[in-house]
1. Going through Leu39, Leu77, Leu44 one at a time, which residue ends up being within 19 Å of Lys3 (Cβ to Cβ) and touching a helix residue (DSSP H, G or I) at 6+ places or on another chain (Cβ under 7 Å)?
2. When you scan region 80-108, how many residues do you find that are within 18 Å of Ile42 (Cα to Cα) and either in a loop (DSSP other than H, G, I, E, B) or at pLDDT 95 or above (or both)?
3. Of the conditions (1) within 12 Å of the chain's Cα centre (by Cα); (2) at pLDDT below 95; (3) buried (at least 18 other Cβ atoms within 10 Å of the Cβ), Asn21 satisfies every one except a single condition; which number is it?
4. Can you confirm whether Thr65 is loosely packed, with under 12 Cβ neighbours inside 10 Å and over 22 Å from Lys126 (Cβ atoms)?
5. Assess whether Asn61 counts as being part of a loop (DSSP other than H, G, I, E, B) and closer than 18 Å to Pro119 by Cα.
Amino acid sequence: MKKYMQAIGIWLFIIPLAILNGGFRESVLVKLGDIALPLSGIILSACIFIVAYVFIPKIKNCRTTDYVIFGLIWFVLTNLFDLTMYISEGGGMKDLIHSYNFLNGNLWILVVVTTLVSPVIVAKIKRREA
């Protein structure tokens with residue numbers, strides 16, 4: 001149970017990065033035009049992977065299934081957080097589902113897939129480095 005709480009703690013570190021990324025998109029990237037939204041998704045995905053790369057190896061005594069569970073936890077928490085943001089702005093589940101449509105330039109799907117797979121990928125990379 002402790003390792004899962006540690007994984008949640010690591011995920012909590014991603015929230016301010018996501019908020020900063022959104023602010024960066026709205027204040028800087030938006031000047032680039034249509035590329036702002038997809039570029040923001042790529043930046044956030046890279047940040048999530050870096051956080052996983054730095055912190056996931058600090059959780060000791062993990063099996064492959066633990067890393068899969070970490071990813072599932074992050075995936076669920078990320079979607080719940082985003083849904084909460086939509087609800088607080090007067091939206092709902094329809095808005096969350098719409099954000100998965102990459103055809104409009106939104107790479108949210110990349111972000112949530114990154115949260116899902118980063119712990120497992122990092123574990124494999126770190127095993128090879130050891």
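1. Values: Leu39 fails: within 19 Å of Lys3 (Cβ to Cβ); Leu44 fails: within 19 Å of Lys3 (Cβ to Cβ).
Going through Leu39, Leu77, Leu44 in turn, the sole match is Leu77.
2. 5
3. So the condition that Asn21 fails would be (2).
4. Working: loosely packed, with under 12 Cβ neighbours inside 10 Å: yes; over 22 Å from Lys126 (Cβ atoms): no.
Here the answer is no, as Thr65 does not meet what is asked.
5. Working: part of a loop (DSSP other than H, G, I, E, B): yes; closer than 18 Å to Pro119 by Cα: yes.
Spelling it out, Asn61 is indeed part of a loop (DSSP other than H, G, I, E, B) and closer than 18 Å to Pro119 by Cα.
The values are calculated or read from the model by the stated rules, or taken from the named source; none is laboratory data. Everything quoted here is computed from the prediction, not taken from an experiment. Cβ: placed from backbone, ideal geometry, glycine included. Neighbour counts: every protein chain shown.
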